[in-house]
Amino acid sequence: MSSESAEVHHEEHGEGMTRKKILKVFGVLLGITVIEFIIALWLVPAGHIPLHWANPVYIVLTLFKAFYIVAYFMHLKFERIGLALCIIVPILFIIGLILVLTNESHYWVDLRA
């Protein structure tokens, strides 16, 4: 029996994460955070961007950061699609529930006023 046939190949989690890719992900996260700080500390207080426009931008940027953190640092990008869907689909339902409940709470507040 040859040693080649007895060789077992194991797939490492995150084996494609080299130092270069980690620094790239870090740069993307840092860039998004800098954009959020610029909006929060300079653009909104100076009146260049209204707050009702800034809030959706914050939400989108935060979701993008959350995707990068979950995908790369929690190694979800390297998992099979079934496991990823088991995690992502309930999170989307929870986000939808939060949006619906927020809308409903505004209705009740406006009704009492």
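Taken together, the values in this text are just the output of simple stated rules run on the coordinates, not laboratory data. Remember, it's a predicted structure, so these values are computed and weren't measured experimentally. Positions of Cβ are backbone-derived with ideal geometry, glycine not excepted, and every protein chain shown enters the neighbour counts.
Close amide H partners of Ile49, meaning residues 5 or more places away or on another chain with modelled amide H under 5 Å apart, are Val44. Per-residue extension of 0.36 nm, minus the Cα-Cα distance of Val70 and His52, leaves a gain of 3.7 nm for this segment. Sites listed here are trypsin sites (Lys or Arg not before Pro) in region 47-91 whose DSSP assignment is loop and whose Cβ has at most 11 other Cβ atoms within 10 Å: Arg80.
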